[in-house]
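S.K.: This structure is in structure tokens; I'll ask about it shortly.
Rule-based calculations on the coordinates, nothing more; no lab input. Predicted model only: the values in this text are computed from it and were never measured. Cβ atoms come from the backbone with ideal geometry, glycine included; neighbour counts cover every protein chain shown.
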Amino acid sequence: MPRKKIVIIGGGFAGLSAAKEFGDFDADITLIDKTNHHVFQPLLYQVATAALSPADITAPIRTILNKYSNIKVIMDEVISINITTNEVITKELKIPFDYLIAAPGSRHSYFGHPEWEKYAPGLKTMNDALYIREKMLLSLEKAEKINNPDEVEKYLTFVVVGGGPTGVEMAGSIAEIVKISMMKDFRNMDLTKTKIYLIEALPRLLNAYPEDLSERAKKDLESMGVTVLVNYFVTDINEDGVKLKDRFIPTKNIVWAAGNTIPDLLKSLNAEFDKAGRVIVNSDLSLPGAPNIFVIGDAALVKDKNGKYLPGIAPVAMQQGRYVAQTIKEGKDPDLREPFKYIDKGTMATIGRAKAVCLIAGLKFTGFFGWLLWCVVHILYLISFRNRFKVMAEWAWYYLTFRHGIRLITGHPEK
Ligand SMILES: Cc1cc2nc3c(=O)[nH]c(=O)nc-3n(C[C@H](O)[C@H](O)[C@H](O)COP(=O)(O)OP(=O)(O)OC[C@H]3O[C@@H](n4cnc5c(N)ncnc54)[C@H](O)[C@@H]3O)c2cc1C
């Protein structure tokens with residue numbers, strides 16, 4: 001019998017976990033990603049705020065998988081999936097499959113206002129992070145050259161839209177780098193006058209966390225000089241700033257951390273999607289009507305054992321990758337497959353230096369201890385030993401000196 005052909009779309013948390021699980025399997029595995037690297041997204045905001053450099057949180061997908069001789073890596077963009085002929089169509093190739101694992105992650109959604117993206121970039125890829133970093137650093141350089149206090153305000157005002165973990169981490173990190181780390185570097189402007197806003201449409205930050213942890217995150221952010229506005233919808237974004245129901249915030253620095261949607265390629269699956277565009281899959285993560293096609297990670301909508309939808313986080317994506325690979329390896333009849341069960345090991349978000357909120361096995365941790373836990377977990381999950389060591393050294397250096405190091409303006413990143 002010919003060897004089975006298994007195609008994986010995406011070298012993120014879900015796709016890579018699936019691929020590694022196939023390392024000892026007698027089949028031809030092809031992993032396709034439009035970039036050549038895996039990104040550790042939970043630390044992207046640290047690249048965007050110049051705390052870590054890009055190489056600290058990325059690793060070449062080829063290198064990660066080079067010990068598995070049955071796995072081929074292709075760098076190409078998948079355009080669509082033909083579920084009749086069982087083929088993946090990329091920009092340059094048509095790749096046939098017996099089984100397909102689609103794990104292309106998600107993109108930002110601007111709630112019907114794609115024109116906002118130009119002024120309010122989101123943070124999903126390394127390119128996004130470098131673009132935001134460059135924009136933020138250029139804004140400060142511009143402010144240093146302006147003497148008129150009214151004119152300078154918009155360059156020293158930062159707005160983060162979306163009070164989930166990414167928004168909270170981003171706002172805290174901007175407060176630290178601008179108000180503390182860079183203080184000594186500028187002569188003409190008073191960086192203590194910097195304004196940082198975090199805007200959330202729901203009544204509280206970190207909506208998926210218990211209320212007391214949300215409140216703690218808000219207090220920590222406020223103590224760092226961030227103005228937290230809850231129950232606020234953004235009604236417009238343009239080149240001069242952000243419009244809310246009762247005010248206009250003049251700014252040149254907006255980061256979008258609010259909505260998600262899935263990449264276009266999944267629209268060719270002829271599947272059902274939820275409001276955020278995620279593919280509604282069966283309990284074994286297969287596509288209804290196509291037991292050989294699986295959608296996993298941020299792109300899939302799956303319920304846990306209590307009927308609650310699973311969040312778009314790395315542990316969910318990794319467990320789904322391993323589960324689907326096992327399911328394919330077992331080769332059971334689709335009706336006999338065990339449903340996917342998520343094991344919740346906890347959730348955490350950092351707010352700043354020595355400030356974090358964590359919920360692990362029902363126990364809550366905040367402050368310095370929470371932050372230490374956050375550091376350890378994030379170091380452990382970084383993909384290579386070299387990166388773990390480098391990031392640990394960067395954080396230790398920052399902790400002791402308050403100095404963020406990676407502040408290059410290269411003129412390259414483009415949106
Ligand atoms: C800024 C940020 C902070 C986060 N913080 C945390 C956190 O603290 N803790 C946590 O658990 N989770 C966090 N998350 C969420 C977590 O990173 C995601 O849940 C996880 O990355 C999802 O994994 P995935 O494999 O589904 O998608 P991804 O990791 O996004 O991987 C998708 C891959 O598919 C590739 N791809 C996409 N489209 C195509 C195409 N058309 N053709 C070929 N390849 C394609 C991409 O290049 C990418 O490599 C964060 C996410 C972000 C953006």
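S.K.: Order of R386, R107 from fewest to most other C-beta atoms within 10 Å? Before the final figure, lay out the partial values.
M.R.: On the way: R386 12, R107 18.
Ranking R386, R107 by Cβ neighbours within 10 Å, fewest first, gives R386, R107.
S.K.: Excluding residues fewer than 8 places away in the same chain, name every one of the lysines whose C-alpha is closer than 22 Å to that of K308.
M.R.: Partners within reach: K275, K341, K345, K364.
S.K.: Apply the Kirkwood formula to the chain: the hydrodynamic radius equals the inverse of the mean of 1/r over all pairs of different alpha-carbon atoms; give it in Å with one decimal. Mind dumping the intermediate values first?
M.R.: Numbers: mean 1/r = 0.0446 Å⁻¹.
One decimal place: 22.4 Å for the Kirkwood radius.
S.K.: Let me ask something additional. Computed over the Cα atoms, what is the radius of gyration of the stretch 276-415 divided by 2.2 N^0.38 Å, N being its residue count?
M.R.: Details: Rg = 19.6 Å, N = 140, 2.2 N^0.38 = 14.4 Å.
In units of the 2.2 N^0.38 Å rule of thumb, it is 1.36.
S.K.: Taking every pair of alpha-carbon atoms in the stretch 172-258, what share in percent sits in each 10 Å bin, from 0 to the bin with the longest distance?
M.R.: Spelled out bin by bin, the stretch 172-258 gives 15, 43, 33, 8, 0 percent.
S.K.: For S384, S214, which order do you get if you count the other beta carbons within 10 Å of each Cβ and list the fewest first? Don't skip to the answer; put the middle values down first.
M.R.: On the way: S384 14, S214 22.
If I rank by nearby Cβ atoms, fewest first, I get S384, S214.
S.K.: What does the net charge come to around L100 if you take all other residues with beta carbon closer than 11 Å to its beta carbon, with K and R at +1 and D and E at -1? Present the calculation step by step, with values, prior to reporting the outcome.
M.R.: Working: positive: K5; negative: E87, D98.
Value of the local net charge: -1.
S.K.: Right, next: Among T84, T401, which comes first, second and so on when ranked by fewest other beta-carbon atoms within 10 Å? Show your work: numbers first, answer last.
M.R.: Working: T84 6, T401 10.
The most exposed by this proxy come first: T84, T401.
S.K.: Order of 275-287, 49-61 by packing, highest average Cβ count within 10 Å first? Could the numbers behind the result be given before it?
M.R.: Details: 275-287: 19.0, 49-61: 21.2.
Answer by packing, highest mean first, reads 49-61, 275-287.
S.K.: Which of the chymotrypsin sites (Phe, Trp or Tyr not before Pro) found in the stretch 81-182 are in a DSSP loop and have at most 15 neighbouring Cβ atoms, other than their own, within 10 Å?
M.R.: Taking the stretch 81-182 and a limit of 15 other Cβ atoms within 10 Å, the loop chymotrypsin sites (Phe, Trp or Tyr not before Pro) found are F111.
S.K.: Listed here are the pairs K91/K124; K4/K124; K20/K135; which of them are more than 25 Å apart at the Cα?
M.R.: On the way: K91/K124 22 Å; K4/K124 33 Å; K20/K135 37 Å.
Pairs exceeding the cut-off: K4/K124; K20/K135.
S.K.: I want the antiparallel fraction of DSSP beta bridges within the chain, as a percent rounded to 5. Could the numbers behind the result be given before it?
M.R.: Working: 33 of 66 bridges.
For the chain, the DSSP antiparallel bridge percentage is about 50.
S.K.: So what is the relative contact order for the chain, in percent, with contacts set as C-alpha pairs under 8 Å and at least six apart?
M.R.: On the way: 821 pairs, mean separation 83.8, N = 415.
Contact order relative to length: 20 percent.
S.K.: With just the Cα atoms defining each centre, how far is the stretch 66-86 from the stretch 176-202? Give it in Å.
M.R.: The stretch 66-86 and the stretch 176-202 have Cα centres separated by 44 Å.
S.K.: Mean Kyte-Doolittle hydropathy of 0.5 or higher plus an axial Cα length of 20 Å or more: which whole DSSP H helices in the chain meet both?
M.R.: Working: long enough: 126-144 (27 Å, -0.25); 314-330 (24 Å, -0.36); 367-381 (21 Å, 1.69); 385-401 (24 Å, -0.35).
Counting only whole DSSP H runs, the qualifying helices are 367-381.
S.K.: Per-residue ellipticity at 222 nm for the chain, helices alone: DSSP H runs ≥ 4 residues times -39500 (n - 2.57), over residue total, nearest 500 deg cm²/dmol? Intermediate results must be reported in sequence, preceding the final value.
M.R.: Working: 10 runs with 117 residues, N = 415.
Rounded to the nearest 500, it is -8500 deg cm²/dmol.
S.K.: Taking R0 as 51 Å, what's the FRET efficiency between M392 and K267 from their Cβ-Cβ distance, rounded to 0.05?
M.R.: Values: r = 42 Å, r/R0 = 0.81.
Here the calculated transfer efficiency is 0.75.
S.K.: Next question. Please report, largest first and rounded to whole Å, the three semi-axes of the ellipsoid equivalent to the stretch 215-345, where each semi-axis is the square root of five times an eigenvalue of the C-alpha gyration tensor.
M.R.: On the way: eigenvalues 305, 69, 27 Å².
With the √(5λ) rule applied to the stretch 215-345, the semi-axes are 39, 19, 12 Å.
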